[in-house]
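Since the structure comes first, as structure tokens, the remarks are kept for the end.
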Amino acid sequence: MRPVRERVLKVTFNADVHAGLQWNFRPQQSEIYVVPGETALAFYKAKNPTDKPIIGISTYNVVPFEAGQYFNKIQCFCFEEQWLNPHEEVDMPVFFYIDPEFAEDPKMAKVDSITLSYTFFEAKEGQHLPLPGYQ
């Protein structure tokens with residue numbers, strides 16, 4: 001994989017929490033600049049401000065939607081239960097890259113900003129979140 005140095009992209013980060021989950025959740029950086037074919041590391045922070053342990057699980061999306069096929073997460077906290085004890089705060093890394101083919105796709109020619117957005121939900125026993133792109 002060779003980085004495409006002449007194609008700089010801004011990746012912005014968003015964090016949401018479902019109304020039923022009493023967590024604080026936010027990206028630790030609002031944006032970073034990357035080039036296709038180069039790995040990048042970003043962090044989110046989650047805190048359980050309550051007096052009881054809570055298990056959360058997250059989903060993600062990429063905007064614009066068409067860029068999602070080029071957004072590859074190497075390591076991520078999504079779709080895995082995250083247990084936070086009372087008043088515990090944790091850093092959650094996201095290790096990713098934009099596929100170099102992004103730079104060759106004519107539909108991506110005017111795309112210079114991508115948003116990675118996570119939403120955390122409280123995990124309930126027996127609840128399963130659908131994986132994106134699969135039925």
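Results, tabulated for the structure shown:
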{"quantity": "Sole exception among (1) modelled with pLDDT of 95 or more; (2) among the hydroxyl-bearing types (Ser, Thr, Tyr); (3) open to solvent by 70 Å² or more (accessible area, probe 1.4 Å) for Tyr134, by number", "calculated": "(1)"}
{"quantity": "Which numbered condition Phe71 fails, given (1) among the hydrophobic types (A, V, I, L, M, F, W, C); (2) under 17 Å from Phe102 (Cβ atoms); (3) surrounded by fewer than 14 Cβ atoms within 10 Å (Cβ to Cβ); (4) modelled with pLDDT of 95 or more", "calculated": "(3)"}
{"quantity": "Extreme residue, nearest to Gln82 (Cα to Cα), among residues of region 18-60 that are of a type in the set (Lys, Arg) and open to solvent by 60 Å² or more (accessible area, probe 1.4 Å)", "calculated": "Lys47"}
{"quantity": "Qualifying residue in region 81-103 (condition: part of a loop (DSSP other than H, G, I, E, B), under 17 Å from Asp16 (Cβ atoms) and hydrophobic (A, V, I, L, M, F, W, C))", "calculated": "no"}
{"quantity": "Flag if Lys45 is farther than 30 Å from Lys107 by Cα, of a type in the set (Lys, Arg) and not in a strand (DSSP E or B)", "calculated": "no"}
{"quantity": "Every residue from region 74-98 that is open to solvent by 40 Å² or more (accessible area, probe 1.4 Å) and either of a type in the set (Asp, Glu) or more than 15 Å from the chain's Cα centre (by Cα) (or both)", "calculated": "Glu80, Glu81, Trp83, Asn85, Pro86, His87, Glu88, Glu89, Asp91"}
{"quantity": "Any hit, region 30-42, residues being in a loop (DSSP other than H, G, I, E, B) and closer than 13 Å to Phe13 by Cα", "calculated": "yes"}
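The values are calculated or read from the model by the stated rules, or taken from the named source; none is laboratory data. What you are looking at is a predicted structure, and each value in this text was computed from that prediction instead of being measured. With ideal geometry, Cβ positions are generated from the backbone for all residues, glycine too; neighbour counts draw on all protein chains shown. Quick note on the areas: whole protein, heavy atoms, side chains included, nothing else; ligands and nucleic acids left out. Shrake-Rupley method; radii C 1.70, N 1.55, O 1.52, S 1.80 Å.
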